[in-house]
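Worksheet: one structure, shown below.
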Amino acid sequence: MLGLHAPGRNLAVFPDDTFLVSYPKSGNTWARFLIANLIHPGEKIDFSNVNRIIPGPEVTRNRALMRTPRPRIIKSHQYFDPRYPRVIYIVRDPRDVVVSQYHFQRKRHVVADQFPLAEYVARFLTGKTSFYGSWGEHVASWLATRHGRPGFLLLRYEDMVEDTARELSKIASFLGVVATAETIAQAVERSSADRMRTLEKSQAQLFTSTKNTRLDIPFVRAAKAGGWREALPEELALQLETAWGNLIQWLGYEPVPANASKMVEDQHAGLFVGPRP
């Protein structure tokens, strides 16, 4: 009643809102830094104020959300919500997402260091590691309803890593922000992984995702694409591909090599359900 609660899915939506949406651990915080540095080039953006500039209904009190100057840019991890008028949707390879989420939940004391990665992947597949369902359900809920329609911009985390300036220019165009190459370059530099790691070391207690968490596990980890190839056993990667192969392939992500896939399937006949991509 007093507006002191975080509204979550009950957020009041305005017609000029733009939502920055992703499944957790897909680059949303990085994107918020990029956008905040783009639209506020004269302000120092860090972990102490990024939630104010681009708030989120899961962590920001309703009173603060209602006072945010319009047009608002709002961060969200929600699955499809038909009320969202304009959406920037960031997607990331689920094989990297599960590794990132596993370490993030270790950082937050949600899972123990010795918790089996295989068991975590099984929970990830069924949507039990997130309040927002499974990766496949979340991504499909947005792509099936909004892809190709006005007011929807799809970005891949991997493309953002490959050419951050190019992808930020797409965001600027979508938002109607006139930005020079110099402005884009400055926002990219101010939002680099190295700078965010430096800020995290001194501001961990000022950011909701890092407050009262383990300091020996960074919030900004490798910040790269394809790390799953070293961190995720092929058998576990194949379980993800079996569940969401068509979606993974449609998004342009490379599958585990066919010979490795065949070898694991031969060893574990009957373990996997559904067609391989």
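Details
- Restricting Ala144, Ala185 to residues that are aliphatic (A, V, I, L, M), at pLDDT 95 or above and open to solvent by 70 Å² or more (accessible area, probe 1.4 Å) narrows the list to Ala144.
- When the residues of segment 35-53 are filtered to those that are over 20 Å from Ser100 (Cα atoms) and of a type in the set (A, V, I, L, M, F, W, C), the one that is surrounded by the most Cβ atoms within 10 Å (Cβ to Cβ) is Ile35.
- A count restricted to segment 113-131 and to residues that are closer than 23 Å to Gly252 by Cβ and surrounded by fewer than 20 Cβ atoms within 10 Å (Cβ to Cβ) stands at 0.
- Phe14 meets each of the listed conditions (1) within 19 Å of Gly227 (Cβ to Cβ); (2) open to solvent by 20 Å² or more (accessible area, probe 1.4 Å); (3) not acidic (Asp, Glu) apart from (1).
- Listed by first and then second residue, the pairs with beta-carbon distance under 6 Å, at least 6 apart or on different chains, first residue in segment 43-63 and within 15 Å of Arg190 (Cβ to Cβ), second among the small types (Gly, Ala, Ser), are Ile45/Ala36; Val50/Ala36; Ile53/Ala36; Ile54/Ala36.
- Check on Arg221, at pLDDT below 70 and under 16 Å from Met160 (Cβ atoms): yes
- The number of residues in segment 2-36 being among the aliphatic types (A, V, I, L, M) and assigned to a loop (DSSP other than H, G, I, E, B) comes to 6.
- Any chance Arg190 is at pLDDT 95 or above, open to solvent by 40 Å² or more (accessible area, probe 1.4 Å) and over 30 Å from Trp244 (Cβ atoms): yes
Quick grid of which residues meet (1) basic (Lys, Arg); (2) modelled with pLDDT under 95; (3) open to solvent by 40 Å² or more (accessible area, probe 1.4 Å):
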{"site": "Val111", "(1), (2), (3)": "no, yes, no"}
{"site": "Arg149", "(1), (2), (3)": "yes, no, yes"}
{"site": "Asp163", "(1), (2), (3)": "no, no, yes"}
{"site": "Thr180", "(1), (2), (3)": "no, no, yes"}
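- Check on Ala231, modelled with pLDDT under 70, open to solvent by less than 70 Å² (accessible area, probe 1.4 Å) and either in contact with an Asp or Glu (Cβ under 9 Å, 6 or more places away or on another chain) or over 30 Å from Asp194 (Cβ atoms) (or both): no
The values are calculated or read from the model by the stated rules, or taken from the named source; none is laboratory data. Worth saying up front: this structure is predicted, and the values here are computed from it rather than measured. Using ideal geometry, Cβ is built from the backbone for each residue, glycine included, and neighbour counts are taken over all protein chains shown. When the accessible area is computed, the model is the full protein with side chains, heavy atoms only, and any ligands, DNA or RNA have been set aside. Shrake-Rupley method; radii C 1.70, N 1.55, O 1.52, S 1.80 Å.
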